[in-house]
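The values are calculated or read from the model by the stated rules, or taken from the named source; none is laboratory data. Note that the structure is a prediction, hence the values are computed from the model and not measured. Cβ atoms come from the backbone with ideal geometry, glycine included; neighbour counts cover every protein chain shown. For the accessible areas, the whole protein counts, side chains as well, though only heavy atoms, and no ligand, DNA or RNA atoms are used. Shrake-Rupley method; radii C 1.70, N 1.55, O 1.52, S 1.80 Å.
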Amino acid sequence: MDEPIPVTRAVDHGTAKLMPDVDRERAWLLTVDGAPQSYVDLDEPTHLEFEYTRRLGHVLDTVTQPGRALDVLHLGGGALTLPRYVAATRPGSRQDVVEADKGLLEMIEECLPVPGGTGIELHRADARAWIEAAAPGSADALIADVFGGSRVPAHLTSTAYASAAERVLRPGGVYLANLADAAPFAFLRSQLATFSTVFEEIALIAEPGVLRGRRFGNAVLVASHHPLDTAALARRTAADAFPARVEHGPALRDFIGAAAPVRDEDAVPSPEPPGGSFGIG
């Protein structure tokens with residue numbers, strides 16, 4: 001990288017900054033308007049620094065036998081942490097990354113380029129428009145990690161969006177989403193209710209402190225038509241530095257309660273994080 005570090009750029013949706021990790025020679029933290037977006041170690045792409053990315057990685061590791069190549073669609077690009085992870089753990093995978101922010105894509109392509117031959121293709125497009133136009137049954141996994149600022153955009157929260165996502169997946173495919181909320185969990189419950197109308201199997205991965213309403217935090221939604229290996233997920237997430245819980249079945253139905261699925265006309269973005277929830281410095 002020729003620019004002085006850290007690198008700061010005005011991108012389409014804010015100010016992006018790449019900051020080097022002093023403890024890892026080629027590792028970088030990406031923030032947008034001060035909110036952490038991605039962490040990537042170019043020398044060790046299997047290192048997942050953020051807890052929510054570790055949980056997404058755990059799901060990807062358990063959806064099929066280790067090392068098997070997958071077709072993965074990523075909604076939201078960031079610094080391409082998970083595409084790099086899949087390329088390293090499942091060589092031969094084909095991956096499409098859809099990112100609406102052209103300036104951010106160009107920054108990552110220039111400053112943290114993906115090596116050739118990794119099977120990762122980048123596309124500047126709106127996430128929902130992309131999946132509505134994508135070929136049916138074209139992905140083994142769809143990972144949604146889309147935030148406009150610090151909020152999930154409203155048009156990526158409805159039953160119509162969930163149906164479009166389901167259409168893109170193969171019969172054995174899995175949908176994963178990074179969400180964020182706090183008690184009383186109106187947004188999170190509505191998302192679980194929404195995806196329950198489209199998928200037969202639903203699970204939620206989050207830290208106990210978040211689920212108990214003690215603080216605002218990330219939660220990973222997992223949806224599929226086939227039974228999820230929740231036992232394997234529970235073992236992996238419990239062993240993390242910040243252990244998480246896997247909720248599914250009757251306990252998750254109790255958590256959803258009377259929450260209603262979200263229609264396009266009623267959709268709202270995820271809640272604004274309280275000040276300092278995810279900010280750096």
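Name the residue, out of ASP61, ASP96, ASP71, ASP126, that is within 23 Å of GLY149 (Cβ to Cβ) and charged (D, E, K, R).
Numbers: ASP61 fails: within 23 Å of GLY149 (Cβ to Cβ); ASP96 fails: within 23 Å of GLY149 (Cβ to Cβ); ASP71 fails: within 23 Å of GLY149 (Cβ to Cβ).
ASP126 is the lone residue from the list that is within 23 Å of GLY149 (Cβ to Cβ) and charged (D, E, K, R).
Go through segment 14-62 and report how many residues are modelled with pLDDT under 95 and among the β-branched types (Val, Ile, Thr).
Counting residues in segment 14-62 that are modelled with pLDDT under 95 and among the β-branched types (Val, Ile, Thr) gives 5.
Residues being part of a loop (DSSP other than H, G, I, E, B) and touching a residue at least 40 places away in the same chain (Cβ under 8 Å): count how many of those fall in segment 23-37. Break it down stepwise before answering.
Step one: filter segment 23-37 for residues part of a loop (DSSP other than H, G, I, E, B), giving 23-26, 33-34.
So of that shortlist, the ones also touching a residue at least 40 places away in the same chain (Cβ under 8 Å) come out as 33-34.
Number of matching residues: 2.
Yes or no: segment 145-157 includes at least one residue that is assigned to a loop (DSSP other than H, G, I, E, B), open to solvent by less than 20 Å² (accessible area, probe 1.4 Å) and more than 24 Å from ASP61 (Cβ to Cβ). Full working, then the answer.
As a first pass, look at segment 145-157 and keep what is assigned to a loop (DSSP other than H, G, I, E, B): 145-147, 149-150, 152-153, 157.
Of the ones still in play, those that are also open to solvent by less than 20 Å² (accessible area, probe 1.4 Å) are 152, 157.
Those still in the list that are more than 24 Å from ASP61 (Cβ to Cβ) too: 152, 157.
Looking through segment 145-157, at least one residue is assigned to a loop (DSSP other than H, G, I, E, B), open to solvent by less than 20 Å² (accessible area, probe 1.4 Å) and more than 24 Å from ASP61 (Cβ to Cβ).
Of the residues VAL72, VAL40, only one is hydrophobic (A, V, I, L, M, F, W, C), under 20 Å from ALA134 (Cβ atoms) and in a strand (DSSP E or B); which?
Unique residue meeting the criteria: VAL72.
Taking the stated definitions as given, is LEU29 farther than 26 Å from LEU228 by Cα and touching a Phe, Trp or Tyr at 6+ places or on another chain (Cβ under 6 Å)? Talk me through it step by step, then tell me what you get.
Details: farther than 26 Å from LEU228 by Cα: yes; touching a Phe, Trp or Tyr at 6+ places or on another chain (Cβ under 6 Å): yes.
Taking the combined requirement at face value, the residue satisfies it.
Would it be correct to say that TYR175 is open to solvent by less than 40 Å² (accessible area, probe 1.4 Å), in contact (Cβ under 8 Å) with a residue 24 or more places away in the chain and under 19 Å from PRO227 (Cα atoms)?
Judged against the criteria, TYR175 is a match.
Might you check whether a residue that is open to solvent by 40 Å² or more (accessible area, probe 1.4 Å) and not aromatic (Phe, Trp, Tyr) occurs anywhere in segment 76-89?
Step one: filter segment 76-89 for residues open to solvent by 40 Å² or more (accessible area, probe 1.4 Å), giving 88-89.
Those still in the list that are not aromatic (Phe, Trp, Tyr) too: 88-89.
There is at least one residue in segment 76-89 that is open to solvent by 40 Å² or more (accessible area, probe 1.4 Å) and not aromatic (Phe, Trp, Tyr).
Out of all the residues in segment 110-151, which are at pLDDT 95 or above and aromatic (Phe, Trp, Tyr)?
Correct list: TRP130 only.
Being in contact (Cβ under 8 Å) with a residue 60 or more places away in the chain and either open to solvent by 10 Å² or more (accessible area, probe 1.4 Å) or farther than 22 Å from LEU30 by Cα (or both) is the filter here; which residues of segment 56-71 pass it? First the steps, then the outcome.
Step one: filter segment 56-71 for residues in contact (Cβ under 8 Å) with a residue 60 or more places away in the chain, giving 56, 58-64, 70-71.
Answer for segment 56-71, where residues must be in contact (Cβ under 8 Å) with a residue 60 or more places away in the chain and either open to solvent by 10 Å² or more (accessible area, probe 1.4 Å) or farther than 22 Å from LEU30 by Cα (or both): HIS58, VAL59, LEU60, ASP61, THR62, VAL63, THR64, LEU70, ASP71.
Quick check on my filter: what residues within segment 241-275 are within 20 Å of the chain's Cα centre (by Cα), of a type in the set (D, E, K, R) and modelled with pLDDT of 95 or more?
ARG245, GLU247
Looking at ASP33, ASP41, ASP23, which is the one that is more than 17 Å from TYR175 (Cα to Cα), touching a Ser or Thr at 6+ places or on another chain (Cβ under 7 Å) and of a type in the set (Asp, Glu)? Working first, answer last.
Details: ASP41 fails: touching a Ser or Thr at 6+ places or on another chain (Cβ under 7 Å); ASP23 fails: touching a Ser or Thr at 6+ places or on another chain (Cβ under 7 Å).
That would be ASP33, the only listed residue that is more than 17 Å from TYR175 (Cα to Cα), touching a Ser or Thr at 6+ places or on another chain (Cβ under 7 Å) and of a type in the set (Asp, Glu).
Which of the residues belonging to segment 1-51 are among the hydroxyl-bearing types (Ser, Thr, Tyr) and open to solvent by 30 Å² or more (accessible area, probe 1.4 Å)?
Passing the criteria: THR8, THR15, THR46.
Are any residues in segment 91-141 part of a loop (DSSP other than H, G, I, E, B) and surrounded by 15 or more Cβ atoms within 10 Å (Cβ to Cβ), and if so, which ones? Break it down into steps so the answer makes sense when it comes.
We begin by selecting, within segment 91-141, every residue part of a loop (DSSP other than H, G, I, E, B); these are 91-93, 100-101, 112-119, 125-126, 134-138.
SER93, ALA100, ASP101, LEU112, VAL114, THR118, GLY119, ALA125, ASP126, ALA134, SER138 - these are the residues of segment 91-141 that are part of a loop (DSSP other than H, G, I, E, B) and surrounded by 15 or more Cβ atoms within 10 Å (Cβ to Cβ).
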